[in-house]
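Below you'll find the structure, written out as structure tokens, and then a few comments.
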Amino acid sequence: MYPNRLLWADLLRISAISAMVVLHVAAAEWNTAAMHSTEWQIMNIYDSAARWCVPVLIMLSGMLFLNPKKEVSTTQLFKKNILRIFLALLFWGIAYQLFKYYRYNVSLTFQTTSAIFYKILFGIPRYHLWFLYTIIGLYLLTPALRIFVANSKKKDIVYVLWLFFIIGTCVPLVNTILKLNQLSYSLNKLLPELTGYAGYYLAGYYFSAYELSKKHKITIYILGVVSVLFTILFTSYISFKTDEKIGALYEYLLPTTLFISFAVFIAFRRFFKTTNLKNNTLITHLSVCTFGIYLTHDFFIQLLSMSGITALSFSPLVSIPVLSVLIFSLSYFFTSIIRTIPIVKKYIT
């Protein structure tokens, strides 16, 4: 049923979506919990530890679409990949907006209907759907990036990744700490291509195509662990110092998030590349359903919240993983069911 699958990539994709669910369950009550409470600190830990999910998903896409050995035509990108993402964005964007109107008892009028499409075209219909806009943009860049990858040596790709690290992640961190907005503005104008997610996209191909030395791997692993601890501690410190909840260090385009994302990606490739698990069919089916899980999991977060069940219903130390498993499972079974409908399976999940 699932030929030519990479088991380690499937496991990583499932783990990344699982981490995203954990992130959103924790973040849903992040602003509600009292800042000096144990509950908020626990949410901060979960939130900080799960931030690698989005960069890793982008890296997995880069690994697949930038591989010169895999034929990816511009026509295919538009007719298959971009079209699918756009239709999914349109369908689920409308669904989430209609659900919002139902939840808050908003009447469906010409103005509210127009607002739905305005939100999709010029905004974000639901917070987690921003990722689809980013993926469409990266797909549009793919033909140019494939030419670069196919005609570049390893050192050329490393050079671009270093630029991305410095300009795309270190500068935002300096700006976050020192508030040097003019520096960020100037570099955005100088090298705008290196201040977005294209660096992660390229890194996905690089780390899948080239083997790192043991020394480099260990260094990245250590930096990854230190990055998570740094994010946890300094988010708490800055928030307490200013007496305001500040999540600036949660951003994806920071060196701290970059290190843990690279560490997780490299670790899965290293430790699961030659693994043969007996339940491959289940793993690959879970992986195939991850797009649907990503699209639908927020419905279940909202439904549970409407029933009074949130991360604050009991200790977040237990509630966050328990609710995350429940929401992931519900999203998986729901996605499995609706994927039995051919047009749904092909275009919106």
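A few comments on the model shown:
- Flag for Leu83 being open to solvent by 20 Å² or more (accessible area, probe 1.4 Å), aliphatic (A, V, I, L, M), in contact with a helix residue (DSSP H, G or I) (Cβ under 6 Å, 6 or more places away or on another chain) and closer than 21 Å to Ile136 by Cα: no
- Unmet requirement for Lys245, which otherwise passes all of (1) part of a helix (DSSP H, G or I); (2) open to solvent by 30 Å² or more (accessible area, probe 1.4 Å); (3) farther than 28 Å from Gly93 by Cα; (4) touching a Ser or Thr at 6+ places or on another chain (Cβ under 9 Å): (1)
- First in the range 278-298 and in contact (Cβ under 8 Å) with a residue 12 or more places away in the chain, second anywhere and charged (D, E, K, R) and open to solvent by less than 10 Å² (accessible area, probe 1.4 Å), Cβ under 8 Å, 6 or more apart: Ile283/Asp10; Thr284/Asp10; Leu286/Asp10; Ser287/Asp10
- Here Glu251 meets the list (1) under 17 Å from the mean Cα position of the chain (by Cα); (2) surrounded by fewer than 16 Cβ atoms within 10 Å (Cβ to Cβ); (3) over 25 Å from Asn31 (Cα atoms) almost entirely, failing just condition (3).
- Evaluation of Gly308 against the conditions (1) open to solvent by 40 Å² or more (accessible area, probe 1.4 Å); (2) on the phi < 0 side of the Ramachandran plot; (3) of a type in the set (Gly, Ala, Ser) shows that the sole unmet condition is (2).
- Residues located in the range 1-47, provided they are open to solvent by less than 20 Å² (accessible area, probe 1.4 Å), among the small types (Gly, Ala, Ser) and under 25 Å from Phe265 (Cβ atoms): Ala9, Ala16, Ala19, Ala26
- One residue stands out among those in the range 327-343 that are in a helix (DSSP H, G or I) and crowded, with 16+ Cβ neighbours inside 10 Å: the one that is nearest to the chain's Cα centre (by Cα), which is Phe328.
- Count of residues meeting criterion [open to solvent by 60 Å² or more (accessible area, probe 1.4 Å) and under 30 Å from Thr296 (Cα atoms)] in the range 131-178: 3
- Every residue from the range 203-224 that is surrounded by fewer than 18 Cβ atoms within 10 Å (Cβ to Cβ) and of a type in the set (Phe, Trp, Tyr): Tyr210
- Pairs meeting the criteria (first residue in the range 113-141 and touching a residue at least 40 places away in the same chain (Cβ under 8 Å) and under 30 Å from Ser73 (Cα atoms), second residue assigned to a helix (DSSP H, G or I) and of a type in the set (D, E, K, R), beta carbons under 8 Å, at least 6 apart or on different chains) are His128/Asp298.
- Checking Pro68 against (1) open to solvent by 30 Å² or more (accessible area, probe 1.4 Å); (2) part of a helix (DSSP H, G or I); (3) touching a residue at least 12 places away in the same chain (Cβ under 8 Å); (4) farther than 24 Å from Val228 by Cα, the condition it does not meet: (2)
- Selected residue (criterion: surrounded by the fewest Cβ atoms within 10 Å (Cβ to Cβ)) from residues of the range 313-326 that are hydrophobic (A, V, I, L, M, F, W, C) and at pLDDT 95 or above: Val318
- Number of the exception - Thr284 against (1) among the β-branched types (Val, Ile, Thr); (2) touching a helix residue (DSSP H, G or I) at 6+ places or on another chain (Cβ under 8 Å); (3) within 30 Å of Lys100 (Cβ to Cβ): (3)
- Checklist (1) open to solvent by 20 Å² or more (accessible area, probe 1.4 Å); (2) in contact with a helix residue (DSSP H, G or I) (Cβ under 7 Å, 6 or more places away or on another chain); (3) assigned to a helix (DSSP H, G or I) applied to Ser227, failing item: (1)
The values are calculated or read from the model by the stated rules, or taken from the named source; none is laboratory data. The shown structure was predicted, so the numbers you read here are calculated from the model rather than taken from an experiment. We place every Cβ from the backbone using ideal geometry, glycine too, and count neighbours over all the protein chains shown. Quick note on the areas: whole protein, heavy atoms, side chains included, nothing else; ligands and nucleic acids left out. Shrake-Rupley method; radii C 1.70, N 1.55, O 1.52, S 1.80 Å.
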